[in-house]
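Everything below concerns the one structure shown next.
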Amino acid sequence: MQSLIQLRHVSKVYGVGNTEVRALWNVDLTINAGEYCAIMGPSGSGKSTAMNLIGCLDRPTAGEYYLDGENVAELDDNALTHIRNRKIGFVFQQFHLLPQLSALENVMLPMVYAGVPTRERRDRAAAALTRVKLADRIDNKPTQLSGGQQQRVVIARAIVNQPLLVLADEPTGALDSHTTQDVLGIFAELNATGITVVMVTHEPDVARKTRRIVWFRDGEVVDANLTPNDVGSLMATA
Ligand SMILES: Nc1ncnc2c1ncn2[C@@H]1O[C@H](COP(=O)(O)OP(=O)(O)OP(=O)(O)O)[C@@H](O)[C@H]1O
Ligand SMILES: [Mg+2]
């Protein structure tokens, strides 16, 4: 199988001297195209830092990162922006929906940056919203949608540029169990179409729906190849 994500000896250090924090330390991690992975571990263990690096939102302090065969640690900001737009869909809390725009307009935005013609933008955004079962809500503003519906709009926005990779940082953290199942159903479907999905979660039941679990502790990967069956015992020792 082809590796889509390859972190080699990656460290991320924040601050200097007394305030230095080793958010990630000498992390080696390979995720192949088509995988469905959960990233787990205690609070502060480096999960979001790793997702930011994997998503090309930040650069490592040391080490190499190959995404789809390309050493992205060496690229400048413009090139990183281009890669993010072309290859990655984000379901991150810091990328809010824009409140003044409708669901449709929010989902159209990534295609504006990608230079897709207006008509095609509308069609593809509507199709993405249909895929997350929101065809009847496309003209609603975010405040006119439930939390779970907003999260589905975020997922539609993440998939509209047909990314290779969807990254989600605690996508179900604020959702009830019913909506959590909806969101997980969408991720499983996306993965079945060949999209690689990597998701941070604190919830064992959510992690069990993936096929591989990577466990972080104190900025290091302590186990990169756990199975959904291992989750119970992990939570007991965490
Ligand atoms: N911008 C920053 N500046 C300084 N320290 C940071 C910064 N971002 C994260 N850290 C520190 O790096 C470490 C890892 O943080 P990170 O956000 O990756 O943890 P996490 O595993 O996602 O935790 P949580 O489960 O609480 O979301 C923590 O000690 C955190 O305080
Ligand atoms: Mg986090």
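Restricting to the stretch 36-67, give me the number of residues that are more than 12 Å from ligand 1 (Cβ to nearest atom) and in contact with a helix residue (DSSP H, G or I) (Cβ under 8 Å, 6 or more places away or on another chain).
The number of residues fulfilling the criteria is 11.
Are any residues in the stretch 40-81 hydrophobic (A, V, I, L, M, F, W, C) and away from ligand 2 (no atom under 16 Å from the Cβ), and if so, which ones? Don't jump to the end; show me each part of the working.
Initial filter on the stretch 40-81 (hydrophobic (A, V, I, L, M, F, W, C)): 40, 50-51, 53-54, 56-57, 62, 67, 72-73, 75, 79-80.
Within the stretch 40-81, Cys56, Ala62, Leu67, Val72, Ala73, Leu75, Ala79, Leu80 qualify.
Determine whether Gly89 is under 30 Å from Gln144 (Cβ atoms), away from ligand 2 (no atom under 16 Å from the Cβ) and touching a strand residue (DSSP E or B) at 6+ places or on another chain (Cβ under 8 Å).
yes
So which pairs qualify, if the first residue must be in the stretch 65-86 and more than 20 Å from Ala33 (Cα to Cα), the second must be of a type outside the set (A, V, I, L, M, F, W, C), the Cβ gap must be under 9 Å, and the two must be at least 6 apart or on different chains?
Here the result reads Glu74/Glu64; Leu75/Arg59; Leu75/His82; Thr81/Tyr113, each pair linking the stretch 65-86 to a residue that is of a type outside the set (A, V, I, L, M, F, W, C).
None of the figures in this text is laboratory data; all of them are computed from the coordinates on show. All of these numbers come straight from a predicted model, not from anything done at the bench. Every residue, glycine among them, receives a Cβ derived from its backbone with ideal geometry; neighbour counts consider all protein chains shown.
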